[in-house]
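Asks: Shown below is the structure under consideration.
The values are calculated or read from the model by the stated rules, or taken from the named source; none is laboratory data. Small disclaimer: the values here were computed from a predicted structure and weren't measured. All Cβ positions, even for glycine, are placed from backbone atoms using ideal geometry, and neighbour counts span all protein chains on display. Side chains included, ligands, DNA and RNA excluded: accessible areas come from the protein's heavy atoms. Shrake-Rupley method; radii C 1.70, N 1.55, O 1.52, S 1.80 Å.
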Amino acid sequence: MKHYLVTGGAGFIGANFVKYLLKNYQDIQLIVLDDLTYAGNLGTIKEELKNPGVAFVKGDIGDPQVVETIFEKHNIDFVLNFAAESHVDRSIENPQLFLQTNILGTQNLLEIAKKHWTKGKDENGYPVYREGVKYLQVSTDEVYGSLGDTGYFTEKTPLDPRSPYSASKTGADLIVTAYSETYKLPVNITRCSNNYGPYHFPEKLIPLIIKNILEGKKLPVYGDGSNVRDWLYVEDHCKAIALVLHKGRPGEIYNIGGHNEKKNIEIVKLTLSTIRRLMEENPVYRKALKISGDSLDWISEDLITYVKDRLGHDQRYAIDPAKITTELGWYPETKFEDGIVKTIRWYLENQDWVAEVTSGDYQHYYQQMYGNR
Ligand code: NAD
Ligand code: TYD
């Protein structure tokens, strides 16, 4: 039986990964470590926590005591590090927290994994590890910086982060690489493009737009809305991570992306028209609306408002996933047109979840970011 330590498993991608593993793999033991920041919510994995094969630990990935105790109690085979401060706008306000969690937290996990997995030394002084162990760092395409109108990020693209968030993720990647080179720790790094899907915290573009439409609020588009992101359905990302963990060559980096570039303004318009269509087709969905009335005419592009641009806003991200496709046979299975409908339906049907995760400091955050819109 394999033991997986999944950090950040109460957040968006980590929770989807926990669900994905339990659905697709038998005889596994999961230990979820999450500090339950504003972005983590135990309700997201409440069904999974009933499974005797899943244990939850509340704690900081950067706390040596917490991580030591997990390794002492469980025979961990795999570490998957999803835990991070993940929102670019917040990193602009408070960069230090990002360095603390994303870089120092990662190094703490690496150090304790190395210690517990080492069973001796080879003739050159390198550690020799227990068979079959691996550390996987969940990273982002944002470490490559920003593209112009053409070109794609490959694994060989030079690192060129621009925001405090992407700089902190780059720092994390570099310390992972250092453990791989210096101590021969078996690692992989995956660098994925923007995810979307269920359980996405409504501070990121797609869930924020859905939430605002349902509340009849303005839809804040930064700058002129021409920035491009390469959107991938979260379950496709989870599948790629599981593949890299089990089949990826140790020491390698794999880019993960959907070949699905969209301008922000296209995303906003498509979300508007899809919500309206779904409500017209199925009036049950109107229950998700926070304002009453028979007409849906107000669900229109009039809700869009162009706001001050994000500082240092990266123009375009686009991934070339050729390596993971060729080596591991992965490709994105969910077409964007289907994934966005699945996602919107999920939000329409799970307004309780939205209420739960936004019951903390969300109102305060929103007010600071967007004022009284
Ligand atoms: P998220 O913000 O939704 O979740 C992060 C989780 O980490 C939360 O549950 C939070 O409580 C937890 N956490 C934060 N600090 C912690 C700490 N110090 N110790 C323990 N737990 C802590 O983020 P997400 O969107 O699920 O992203 C997961 C990972 O994937 C991140 O590393 C992110 O950089 C990376 N990534 C995200 C995207 C995306 O589009 N969302 C794309 C590529 C890569
Ligand atoms: P976001 O979801 O924060 O992801 P990232 O910055 O990591 O790519 O933002 C996606 C894009 O949408 C990005 O170009 C910024 C833009 N954006 C808006 O225009 N309005 C918003 O309210 C938000 C949150 C983002």
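Asks: Under a Cβ-only charge scheme (Lys and Arg +1, Asp and Glu -1), can you give me the dipole magnitude of the chain about the Cα centre, in debye to the nearest 20? Each step should come with its number before you reach the end.
Replies: Details: 43 positive and 50 negative charges, 68 e Å.
About 320 debye.
Asks: Sequence-distant or interchain residues sharing an amide H contact under 5 Å with A55, placed H: which?
Replies: It is L30, I31, V32, by chain and number.
Asks: Projected area of the range 272-373, taken from the Cα convex hull and averaged over every viewing direction, in nm²?
Replies: Details: hull surface 40.2 nm².
One quarter of the hull surface, i.e. the mean projection, equals 10.0 nm².
Asks: Right, something else. For K335 and H259, calculate 0.36 nm times their separation in residues minus their Cα-Cα distance, and state this gained length in nm to one decimal. Could the numbers behind the result be given before it?
Replies: Values: separation 76, 0.36 × 76 = 27.36 nm, distance 1.00 nm.
So the extension gain works out to 26.4 nm.
Asks: Find the relative contact order for the chain and round it to a whole percent, using C-alpha pairs within less than 8 Å whose residues are 6+ positions apart.
Replies: Values: 670 pairs, mean separation 64.8, N = 373.
About 17 percent, as a whole number.
Asks: Note down the nm distance, to one decimal, between modelled labels 7 Å out along Cα→Cβ at D27 and at D352.
Replies: 3.6
Asks: Something else about it: Counting each DSSP H run of 4 or more residues in the chain as -39500 (n - 2.57), what helix-only mean residue ellipticity at 222 nm follows after dividing by all residues, to the nearest 500 deg cm²/dmol?
Replies: Values: 13 runs with 144 residues, N = 373.
After summing the helix terms and dividing by the residues of the chain, the value is -11500 deg cm²/dmol.
Asks: Something else about it: What is the gain in length, in nm to one decimal, between K247 and T118 on full extension, counting 0.36 nm per residue of separation less the C-alpha to C-alpha distance? Please list the in-between numbers first.
Replies: On the way: separation 129, 0.36 × 129 = 46.44 nm, distance 2.14 nm.
Gain on stretching K247 to T118: 44.3 nm.
Asks: Same structure, new question: Under 18 Å from a label point 7 Å along Cα→Cβ of R286: give me every residue in the range 344-359 with its amide N that close.
Replies: It comes to 348-349, nothing else.
Asks: Top mean-square fluctuation among G293, G171, G59, Gaussian network model of the chain, C-alpha springs under 10 Å?
Replies: Highest fluctuation among the options: G293.
Asks: Not counting ligands, DNA or RNA, and with a 1.4 Å probe, what is V6's accessible surface area in Å² rounded to the nearest 10?
Replies: Roll a 1.4 Å probe over it and V6 shows about 0 Å².
Asks: Amide H to amide H under 5 Å from Y254: which residues, 5+ apart in sequence or cross-chain, H placed 1.01 Å off N in plane?
Replies: Under 5 Å from the amide H of Y254: I189, T190, R191.
Asks: Given the pairs K121/K156; K58/K290; K23/K115; K134/K169; K217/K262, which are separated by over 26 angstrom at their Cα positions?
Replies: On the way: K121/K156 31 Å; K58/K290 34 Å; K23/K115 31 Å; K134/K169 19 Å; K217/K262 23 Å.
Those over the limit are K121/K156; K58/K290; K23/K115.
Asks: How big is the Rg/Rh ratio for the chain, C-alpha atoms only, Rh by Kirkwood, two decimals? Can you show the working numbers first?
Replies: Values: Rg = 20.7 Å, Rh = 21.4 Å.
In the chain, Rg relative to Rh is 0.97.
Asks: Using DSSP to define loop residues, name the GluC sites (Glu not before Pro) in the range 109-151 whose beta-carbon has at most 14 other beta-carbon atoms within 10 Å. Write out the running numbers ahead of the final one.
Replies: On the way: sites: E111, E123, E131, E142; in loops: E123, E131.
Answer in residue order: E123, E131.
Asks: Which of the GluC sites (Glu not before Pro) across the range 255-347 are loop residues per DSSP, with 14 or fewer other Cβ within 10 Å? Working shown, then result.
Replies: Numbers: sites: E261, E266, E280, E281, E301, E327, E333, E337; in loops: E333.
Loop-located and lightly packed - E333.
Asks: Within the range 193-299, report the chymotrypsin sites (Phe, Trp or Tyr not before Pro) that DSSP leaves as loop and that have at most 14 other Cβ atoms within 10 Å.
Replies: Filter output for the range 193-299: W298.
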